[in-house]
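Student: Got a structure for you, questions after.
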Amino acid sequence: VLALLKDAYQRRDRVSLVTYSGRSAELVLPFTSSVEAAKHYLENVPFGGTTPMASGMLVGLDTLIREVKKEPSAVPIMVIVTDGTANVPLHLGGSIKREILKVCSRRVGSKVNALIVDISENGSDLAMGISGACGGRYYHPRSLSKEALYSAIKKERDDKASQKAN
């Protein structure tokens, strides 16, 4: 993410970060091009525990939609980095899969692009399903490295920017 932010700073792009754990998601880094601010937030991201994926996707989508309203020329890309697990619904007793599909259907009606980066060892059916439902690109790196992740996100951004220009 720091490499992306450095690249974004040079291109005058902005990035944001939503984390999801516990029972809900949180916007931990509002849109910025500040490498220092991002580094501060990234160093404190909690990992492990429960995975309220639909909540994370919803907060990310809403954040991007608000940004596009402020900056209509933006090329918004929601990058979902997942190990393919989701074990907390938005609402008690809710269907996790149905909630994720509902967020995906909202994404399809927006101007937000999606890139699903599957960091599970052998590929995740859930991550592939999210990609299909969201109409986004699915990416599973052969070996997870910051370079592979950076390349996938950069390619998605460049592809969407060139499509928008045409």
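Student: Hey, can you find the accessible area per residue of the chain for me, probe 1.4 Å, expressed in square angstrom?
Tutor: 58
Student: Counting only GluC sites (Glu not before Pro) that sit in a DSSP loop (anything but H, G, I, E, B) with at most 14 other Cβ atoms within 10 Å, what is the longest stretch of the chain containing none of them?
Tutor: That would be 44-120.
Student: Next question. Apply the Debye scattering formula to the chain, with a single equal point scatterer on each alpha-carbon and no solvent, then give log10 I(q)/I(0) at q = 0.11, 0.14, 0.17 Å⁻¹.
Tutor: Cα-only, vacuum Debye calculation for the chain: -0.42, -0.71, -1.09.
Student: Please report the spacing between the Cα centers of the stretch 24-80 and the stretch 116-159 in Å, no decimals.
Tutor: A separation of 17 Å, based on Cα centres.
Student: Same structure again: Pop out the carbon and sulfur fraction of the accessible area of the chain as a percent, whole number, probe 1.4 Å.
Tutor: Accessible surface attributable to carbon and sulfur in the chain totals 53 percent.
Student: Report the residue, chosen from Gly109, Gly136, Gly56, that carries the largest GNM mean-square fluctuation when the chain is represented by alpha-carbon nodes joined by springs under 10 Å.
Tutor: Per the Cα network of the chain with a 10 Å cutoff, Gly109 tops the list.
Student: Output the pairs from Lys39/Lys154; Lys102/Lys155; Lys111/Lys154 with a Cα-Cα distance over 22 Å in this structure; if there are none, say none.
Tutor: Beyond 22 Å: Lys102/Lys155.
Student: While we're here: Classify the stretch 88-131: rounded, prolate or oblate, from the alpha-carbon gyration tensor (a ≥ b ≥ c, eigenvalue square roots; a/c under 1.5 rounded; otherwise prolate if a/b is larger than b/c)?
Tutor: Oblate shape, in that a/c is at least 1.5 and b/c is the bigger or equal ratio.
Student: For Ile119 and Val35, compute 0.36 nm times the residue count separating them, minus their Cα-Cα distance, and round to one decimal in nm.
Tutor: 27.8 nm
Student: Calculate the dipole size of the stretch 1-101 relative to its Cα centre from +1 charges on Lys and Arg beta carbons and -1 charges on Asp and Glu beta carbons; express the result in debye to the nearest 20.
Tutor: Charge dipole, the stretch 1-101, about its Cα centre: 200 debye, nearest 20.
Student: Next up: When the helix-only estimate is applied to the chain (DSSP H runs of n ≥ 4, each -39,500 (n - 2.57), divided by the residue count), what is the mean residue ellipticity at 222 nm, nearest 500 deg cm²/dmol?
Tutor: -15000 deg cm²/dmol
Student: Also, I was wondering about something else. Mind checking the stretch 68-162 for trypsin sites (Lys or Arg not before Pro) that DSSP puts in a loop (not H, G, I, E or B) and that have at most 12 other Cβ atoms within 10 Å?
Tutor: In loop regions of the stretch 68-162 (DSSP not H, G, I, E or B), the sparsely surrounded trypsin sites (Lys or Arg not before Pro) are Arg142.
Student: Given a Förster radius of 45 Å and the C-beta distance between Asn87 and Ala165 as r, what FRET efficiency does 1/(1 + (r/R0)^6) yield to the nearest 0.05?
Tutor: 0.65
Student: Around Val103, with a cut-off of 15 angstrom between Cβ atoms, what is the net charge of the other residues, counting Lys and Arg +1 and Asp and Glu -1?
Tutor: Charge balance in the 15 Å sphere: +3.
Student: Normalised by the residues of the chain, what does the relative contact order come to in percent, with Cα pairs under 8 Å and at least six apart?
Tutor: So the answer I get is 18 percent.
Student: To continue, here is another question. Cut-off under 18 Å on the C-alpha distance; same-chain residues fewer than 8 positions from Lys70 excluded. Which aspartates and glutamates are left, in chain and number order?
Tutor: The qualifying aspartates and glutamates are Asp13, Asp62.
Student: Now, a different point. So what is the relative contact order of the stretch 85-156, in percent, for Cα pairs below 8 Å that sit 6 or more residues apart?
Tutor: The normalised contact order for the stretch 85-156 reaches 27 percent.
Student: Let me ask something else. Got a sec? Charge dipole of the chain, +1 on Cβ for Lys and Arg, -1 for Asp and Glu; which of Ala165, Val108, Ile65 is way out at the positive end?
Tutor: Ala165
Student: Once the Cα atoms of helix 53-70 and of the chain are each reduced to a long axis, what angle between those two axes, in degrees from 0 to 90 to the nearest 10, is obtained?
Tutor: Helix 53-70 and the main axis of the chain meet at about 30 degrees.
The values are calculated or read from the model by the stated rules, or taken from the named source; none is laboratory data. Owing to the predicted nature of the structure, the values given are computational and were not obtained by experimental measurement. Cβ: placed from backbone, ideal geometry, glycine included. Neighbour counts: every protein chain shown. All accessible areas refer to the heavy atoms of the entire protein, side chains included, with ligands and DNA or RNA removed. Shrake-Rupley method; radii C 1.70, N 1.55, O 1.52, S 1.80 Å.
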